[in-house]
Structure formats: structure tokens, C-alpha cells
1. Being among the β-branched types (Val, Ile, Thr) and under 10 Å from Lys313 (Cβ atoms) is the filter here, so list the residues in the range 270-292 that pass it.
2. How many residues are touching a Lys or Arg at 6+ places or on another chain (Cβ under 8 Å), among the aromatic types (Phe, Trp, Tyr) and over 28 Å from Phe53 (Cα atoms) when one looks only at the range 321-368?
3. Given the conditions (1) of a type in the set (Ser, Thr, Tyr); (2) over 18 Å from Thr338 (Cα atoms); (3) modelled with pLDDT of 90 or more, report the number of the one that Tyr59 does not fulfil.
4. Gly350 - would you say it is of a type outside the set (D, E, K, R) and without any contact (Cβ under 8 Å) to a residue 40 or more places away in the chain?
5. Among the residues of the range 50-65, count how many are surrounded by fewer than 21 Cβ atoms within 10 Å (Cβ to Cβ), over 17 Å from Ala178 (Cα atoms) and aromatic (Phe, Trp, Tyr).
6. Does Thr347 satisfy being in a helix (DSSP H, G or I), crowded, with 20+ Cβ neighbours inside 10 Å, of a type outside the set (A, V, I, L, M, F, W, C) and under 21 Å from the mean Cα position of the chain (by Cα)?
7. Which of the helices (runs of 4 or more DSSP H) found entirely inside the range 177-286 contain at least 1 residues meeting this: at pLDDT below 95, surrounded by fewer than 16 Cβ atoms within 10 Å (Cβ to Cβ) and not hydrophobic (A, V, I, L, M, F, W, C)?
Amino acid sequence: MSAITNHLVRRGLEATSHLSPITNNDNEDRRQLSGWAMLVFGVTAVVFGLIAFAIQYTYGTLVAVLAAVEDPHPDIYEPIKDPNDPNKTANMVGSGPNSPLERPAPVTRSLRATILHLRARAGPWSRFRGLGMYLCLGICRSVLAQLFTFGHGSTLINPVYSLGHIAADIVSATLELAWVHIVISEPSAKPFWRRIPGYSSWVKIAPAVALRSVASQLTLILPAQLGLGAHAWRMEEGNPFSDPDYNPRAEIIRAIATILLAICLTVLIELPATVTMIRVAASILSEEEETIVPFDRTFAGKVQPAILGGSGKIGLLDAWKTFTWPSRIRLLKVLVKTFGMLIAVTTTCGVFFAAESMLLGENTFVKT
């Protein structure tokens, strides 16, 4: 759903960049944003954009991945006695003097608990772990998508657009696999580019990435087809409400239907496919690497190591089936909270823009 929003905003800016306010006479002076207004609005947009990106990456991406792989029922261990003091026990997760065998609560039970856990295990900048690989993945996908679409796939409803992005996702699958491994594993001294696996791992993860990519494109295209079918008007046409073909009730219904369709497709198609891809990637994690959250490498006995003749990874269907309902609800809570924070940031940004426009007053525009 966020991809739909980003595309529509970008297309809207492209459509309006060459338009000017309506004038009754071509000789009348036109107005444009002043230098001060562009500077103020630009800085505001950059600041709030960075805040929104940090929230989305930390909570909507990183914490969501941890919630997708965490084992909600980890093994219970009896606390180890400190040899120096028999009355003290080793510092273990979920252990305490009054209830040594109490089952620990999930790390991703709340956003705050997850961040505190990451700080304790990976340091103060752990909320941005894997960011280097994430940015590298985004750049590679963008370049590959341009190559596969021959530069002509910018239209959202163009099939070339979808096929190009699906191909880009599949080709760069090992980069996404490495990113998932960086996020779910303990800190490593290796630079992120040295953690990119080889072709054998690509063969294992490519089907899951393809499934996720197709689901993502369907979630993007179907609502866009419905939304872009709305009555379009150009700025030079004047007031759209004066158009006899304009039906505000139908347009409102179409907009609501587009949003509801996007939400339903995201929850019912894209989210399961994304979780499946993440869990398949997690099953390929090397035995030498420890995970940063409790993690069942056998996936309830569904994964058999390659050394014993198994595939060494979980199947697509089993990856989703072993994702329990409590874990699904926990993941949905993470995503809903993240969405709420992004709405709050967007609203605050709008308030800042309005306040800045009022403060600038007549200095907002200059005549050309």
C-alpha cells in the first residue's frame, strides 16, 4: 500500500510541475514559489521525510521481520548458578529468582520491548541495523528495473512496469537474503557486502522472492487500476465541480473502494507472501550464526538439514503454516502501530506547511 502512495504522489508531482495557475489573460503575471518559500518547504519536507523513513525502517521493516521469525514458544532453560555466589544466577532471558522456569514473553510483544532488546544485544544504533544493505538493495533494484523495462515502464498500469520490477526482485534475491540474515542474527564483524551468499542460496530463495514480488505487484496494480479510473481533470480546465460529467458521490465511493481494496490485498495477499519469504530466508541462515531473537531452526520439524539429506530450507507452504496465529496478531499490531505513527508524522508535516505558509504570507509567491 505504501508503494501505491509513493507512486501516486510522484505522478501527481510530475503532472503538476508544468502547470500554472489559471489566468483569464495570457499577458497577466504568473506567480511561483519564492526562493525563501522553496527553501523553507524543502527543509521541512526533508526533515519529516527522514523522520518517516526512520520510523518505517525501524518499526515497519526491522521489527516486523523479527516478529515474523521469532519463536513464540522457545525452550525453557533452568538458570545456571553463578560459581562465585550460589545465591545468584546467570543473567538469562526469562529467568528470575522466584520463577526460574517461567516461559519468557516474546521479544516482539511491544515496540519498546523490541528496541530495548536490540539495544542490549547490538548497541544503541541497532534500530538501523542492516541499513547499508537495505539501501544497496534499493539502489540495485531501481537500476535493474530501469534496465528490464528499457526505461519505458514508468506507467503504473503498464505490464512492462510489473514484469520489470518482478525480474529485478528475483535477480537481486541474494541481496534481500543477506539483509534478512543481518537483521535476524547477532552482530557480526563482517562488512555487509561479505555476507551476500552465492548462487546456491539464490536458487533456494528465488521462488519465495518471486512469490512475494508478484503479490506486491498485484497489491499495487489492482487498486491503482480502480483509482486511476476516476474522472481526471486538468488544471487548465477550471473548476472540476462545474463539469456536468463530474459526480462527487461516485468519486468518493471510488476512492473509498480503492483504499479498502488496497488494505484487503495487503493483508490477505502481500503480507502472507512477505512473511513466507522472510521465513524461508531465515531457514537458510547458517548454523554458525546465532539469532538475535528466539528462533526455531527446525520450524516445528519441517526443516531437515542438508547434511542429513534434506533441502536445508523450509517450503513455501510450510513457512506460512508454521507462522502461528499469536505471531500473526503480534505482527499485525506492529504494522498498525507503525502506520499510526506515520499518519501522525504526515499530519504534523501538513500542519507545519500550513503554519509556514501563514508566516510567509505574501512572501510565499513572487510574480514572474
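1. Of everything in the range 270-292, those that are among the β-branched types (Val, Ile, Thr) and under 10 Å from Lys313 (Cβ atoms) turn out to be Val280, Ile284.
2. 1
3. Of everything listed in (1) of a type in the set (Ser, Thr, Tyr); (2) over 18 Å from Thr338 (Cα atoms); (3) modelled with pLDDT of 90 or more, Tyr59 misses just condition (2).
4. In short, yes.
5. 1
6. no
7. Ranges flagged: 199-227, 248-265.
Residue by residue, here is whether (1) within 22 Å of Ile196 (Cβ to Cβ); (2) not small (Gly, Ala, Ser) holds:
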site	(1), (2)
Ile263	no, yes
Glu270	no, yes
Ala273	no, no
Glu290	yes, yes
Pro294	no, yes
Lys302	no, yes
Leu317	no, yes
Thr324	no, yes
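The values are calculated or read from the model by the stated rules, or taken from the named source; none is laboratory data. Nothing here was measured: the structure is a model prediction, and the numbers come from that model. Using ideal geometry, Cβ is built from the backbone for each residue, glycine included, and neighbour counts are taken over all protein chains shown.
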